[in-house]
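The values are calculated or read from the model by the stated rules, or taken from the named source; none is laboratory data. Bear in mind that the values here come from a model prediction, so they are computed numbers and not experimental data. Cβ placement follows ideal geometry from the backbone for every residue including glycine, while neighbour counts extend to all protein chains displayed.
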Amino acid sequence: MKKKTNNLIIRKRSSILKLLERFIFLVALWAMTVYVIYVNVCFLLNAYSDTLVSDYLFLNLSYFAYARFAILVVVMVILMTIFGWLRIKKLERRAKNHEQNKS
């Protein structure tokens, strides 16, 4: 039996520089996240130092800063959802046109 391949999948190969840029960005985000968790755990365990105190005060700004950050996160999630939905619709239209042109 002949195996069917799906010709509707559109693949784009990213350049090495783009992959490197994404890698550096993600590593920086994870490093920042791990450091914030580290600072908070140190404070929970009563392990204080001048650097940790200054970082803790810098990272834990105020209620209003957290509220603005939460709003920013919600807005980004909404925008990413809309962008993803539009992108999927565009790819579906492109696949449909491809199928019509093929037949």
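A few remarks follow.
- Residue identified as modelled with pLDDT of 85 or more, assigned to a helix (DSSP H, G or I) and loosely packed, with under 10 Cβ neighbours inside 10 Å among LEU26, LEU17: LEU17
- Hits in region 39-52 - residues which are assigned to a helix (DSSP H, G or I) and exposed (fewer than 13 other Cβ atoms within 10 Å of the Cβ): VAL41, LEU44, ASP50, THR51
- TYR56 vs. criteria among the hydroxyl-bearing types (Ser, Thr, Tyr), surrounded by 10 or more Cβ atoms within 10 Å (Cβ to Cβ) and touching a helix residue (DSSP H, G or I) at 6+ places or on another chain (Cβ under 8 Å): yes
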